[in-house]
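These notes concern the structure reproduced below.
The values are calculated or read from the model by the stated rules, or taken from the named source; none is laboratory data. Because the structure is predicted, anything quoted here is derived from the model rather than measured. Positions of Cβ are generated from backbone atoms using ideal geometry, with glycine treated the same way; all protein chains shown enter the neighbour counts. Just the protein is used for accessible areas: all its heavy atoms, side chains included, with ligands, DNA and RNA removed. Shrake-Rupley method; radii C 1.70, N 1.55, O 1.52, S 1.80 Å.
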Amino acid sequence: MYKNYLKVAWRNLLKNKAFSFINILGLAIGLSGFILITLYVVDELSFDRFNSNADRIYRVDGDIAFGGNELKLAVAPDPMGATLKKDYPQVEEYVRFYRNGSKTIQKGEEYIIEHEVAYADSTLFNVFTLPAIAGDTKTALNEPNTVVITASTALKYFSTTDAVGKTLLVDKNPFKVTAVIRDIPKHSHFRFNMFFSMDNADYQWGNYLSNNHNTYILLKEGTDYKIFEKNFDAIIEKYIFPQAQQFMQISSMKEFEKAGNRLQYELTPLTKIHLNSDRMAELGANGDMRYVLLFSVVAIIILLLACINFMNLSTARSANRAREVGIRKVLGTDKKNLVTQFLAESILTTALGLLLAIGTAILALPLFNEIAAKELTISEIFKPYFIGFLISIPIVVGIIAGSYPAFFLARFQPIKVLKANSGSSATRKSRIRSGLVVIQFTMSVLLIICTIVVYQQLHFIQTQKLGFNKDQVLVIDGTGELGTNAEAFKNEMLKLPQVVSGTFSGYLPVNSSARSDHSFSKEAVMTPENGFNMQNWEVDESYVPTMGMEMVAGRNFSKDFPGDSSAIIINETTARLLGYTNSIGQKIYWGDNGPSDIKAMEIIGVVKNFHFESIRQQVGPLSLVLGRNTWTASFKLKPGNTSDVVQKAEELFKSMARGIPFSYRFLDQAFDQMYRTEQRFGIIVMTFSILAIFIACLGLFGLAAYMAEQRTKEIGIRKVLGASVTSITQLLSRDFILLVILSSLIAFPLAWWAMHSWLQDFSIRVDIK
């Protein structure tokens, strides 16, 4: 029987080739988009789940508000992990990561800069599942000057994974390779290539007030992490508060909180970090659950559009199938068998569309990977769980798309349809079909508006005045390797005719996970009322003009003023925070390690606010102090050919730091990297919006063509009576235009609400009018 259903279904597809082509093409486009987005969503949701104890691993995060500056940190104090394990039996193990920049590895005469490196505790492999290829991970990081490397790193430096016992020269210091582990899976929120023993980290240990370590704990089975979080209050009172009293005049944590401050710690489940965490000092660029949900919605919309196309075209063809249904019923076919027949046609059509969709998805996968910054492979499509998912698509989609046409056609009465008297049914089906067209174009218009707003916001970010000039600024990394030649390198660069100015600095006005805040106060004795946190950057006298920043009060640092070593420049946010009518000449006090460490700094200038973090955040307090941090050099260039400058800079660098790799970038490129997620989001939404619109238009074209075919005689009579092509076109398109207008009226408020919510993540944004 089922074989007969499929045979009849196949004959009907061949009989109506144009109808079948439009249906199959619409389904194929919709399903290919659905498959690609599903792969993306599954990939995003699978992060860190390769760890055998993923459901019991949590990161300790800090929430600090001090003096009006709020910090959401992915790091904790260095003693936190050990303290939690010592004081609470629910903690089975802990591990910390500490990062303080890249490492220079010597390979023969060549020097290679490794960025994905970290110091880690010897307990690393007790918490995370990182299988060893060689060596014993239980003892691998127990001793100083030891390092664990990944398989690809071992091949890179030793041409073999059998590297245990061999030595790496790291920043000119020997480190013994004690274990080689498999490459960290791509679905990990950290992707380090080297783990150095924590014993080698240059750090002032035991400081509960300094948050610089990514700390993870492994809770014992059955422990409710939300209940366990309440123990942090006791940790703060017992360990953090006594240290706070050493440099701040404070009687209790309640006094600290009464002044509007806050100190809290919480746990973030490992499996939620990638999609739900956007804190300072993350170990890598995370995703965003909101985008995953939005892409899921887009995938469902595309699939629904394809299904609606099928419903519309199937019901529109009901007149052609009516006599077939009547004859079948007269011959004794019951309603159940008719429904099964039409569902079989729907499932077969969907299956053919799926085969075409799989081929399209495979061909589009490299381009999709490039747009979405993914590493999806064809093998992902043919994994057992995904094959099961694909097999279910023709059945589920076929039933969804074909259910209404099937039941609609099976409901025809033999006497009425054989007499061709089905006017009432036509009216009813027209209403339903109109409703489906409205839904279809509402979703399409919604996607179009969202795409336009996303594009406008990204363009706005690119052209917004940021408080600094990001154009024509060449950034050369690793100039600290030049040592005593750093100043000579800068001076030689300044002699080039294309170079306007140059500066050394520790930080650039683009997002960086390596920054940390320091404690300042308005008075020599810090209290909860006069203290505040602020970023503090070491710069030289040329930093402000090279970056195109504007002084709104006072002056910049100058070599003509020897006392500038104890001077400070603040931004407008800090000036407002201090509350002085005139900040110039006032003093603020800086000290993180108690009264003996307090330094008085005189404010000599106020720089106009510039965005040094993502535009999603308000500009926070920031200060500049005079220093000689030579790790990064930046040069302002004249407009024109920059390749010559880069070539000469490379020649100079290599002549002064032989063997050290030359690394450069442009500041505007670094700025764009901060918004790659939004850019990818915009491109993906735009691409799939175009697909959705194409599917909707394809269905509308098929529907309009079929309706025109049904009115051939009417059109002929009208033309005989003198009707023009324009008037006939208006007649045929009038109903559809009204439906599109209605769809737009429904979509406008929905789009406004969706985009208004999305734009709230940005401190500066376009206006939706």
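The figures follow:
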read-out: Linear extension gain, residue 289 paired with residue 560, 0.36 nm per residue minus alpha-carbon span; value: 92.3 nm
read-out: Solvent-accessible area, 1.4 Å probe, carbon plus sulfur percent, for region 192-251; value: 43 percent
read-out: Rg(Cα) / (2.2 N^0.38 Å) computed for region 706-756, rounded to two decimals; value: 1.72
read-out: Potential lengthening between residue 52 and residue 491 on full extension [0.36 nm per residue; Cα-Cα distance subtracted]; value: 152.6 nm
read-out: Carbon + sulfur, % of accessible area of region 12-109 - ligands and nucleic acids excluded, 1.4 Å; value: 56 percent
read-out: Between 0 and 90°, nearest 10: helix 17-45 axis offset from the chain longest Cα axis; value: 20 degrees
read-out: Fully extended contour minus Cα-Cα distance, from residue 276 to residue 646, at 0.36 nm per residue; value: 129.3 nm
read-out: As computed over region 610-689, the Cα convex hull volume per residue (Å³); value: 174 Å³
read-out: Residue 227/residue 690 FRET efficiency (R0 45 Å; Cβ-Cβ; nearest 0.05); value: 0.35
read-out: Distance (nanometres) between label positions extended 7 Å along Cα→Cβ at residue 88 and residue 439; value: 4.9 nm
read-out: Estimated distance in nm for a label pair at residue 187 and residue 42, the labels positioned 7 Å out from Cα along Cα-to-Cβ; value: 0.9 nm
read-out: Radius ratio Rg over Rh of region 204-297, counting only Cα atoms, Kirkwood formula for Rh; value: 1.05
read-out: The chain: C-alpha gyration tensor shape, a/c 1.5 cut-off, then a/b vs b/c; value: prolate
read-out: FRET efficiency, 1/(1 + (r/R0)^6) with R0 51 Å, evaluated for residue 734 and residue 264 via beta carbons; value: 0.25
read-out: The chain: relative contact order as a whole-number percent, Cα under 8 Å and 6+ apart; value: 17 percent
read-out: Rough spin-label spacing in nm, given labels placed 7 Å along Cα→Cβ, for residue 527 and residue 300; value: 5.5 nm
read-out: Dipole axis of the chain (+1 Lys, Arg; -1 Asp, Glu on Cβ), positive-most option in 119, 730, 586; value: 730
read-out: Region 449-484 residues near the modelled residue 169 label - backbone nitrogen below 17 Å, point 7 Å along Cα→Cβ; value: 481-483
read-out: Solvent-accessible area per residue, Å², over the chain with all protein chains present [probe radius 1.4 Å]; value: 46 Å²
read-out: C-alpha long axis of helix 318-330 to longest principal axis of the chain, angle in °; value: 60 degrees
read-out: Nearest-20 debye value, the chain charge dipole, Cβ charges on Lys, Arg, Asp, Glu; value: 5300 debye
read-out: Rounded D (µm²/s) - region 458-502, Kirkwood Rh over Cα pairs, Stokes-Einstein at 37 °C, 0.692 mPa s; value: 254 µm²/s
read-out: Part-to-part distance (alpha-carbon centres) for region 242-262 and region 172-208, which is given in Å; value: 35 Å
read-out: Of 85/138; 230/587; 258/587; 72/156, those spanning more than 29 Å from alpha-carbon to alpha-carbon; value: 230/587; 72/156
read-out: Residue-averaged 222 nm ellipticity for the chain, from DSSP H runs of 4+ at -39500 (n - 2.57), nearest 500; value: -15500 deg cm²/dmol
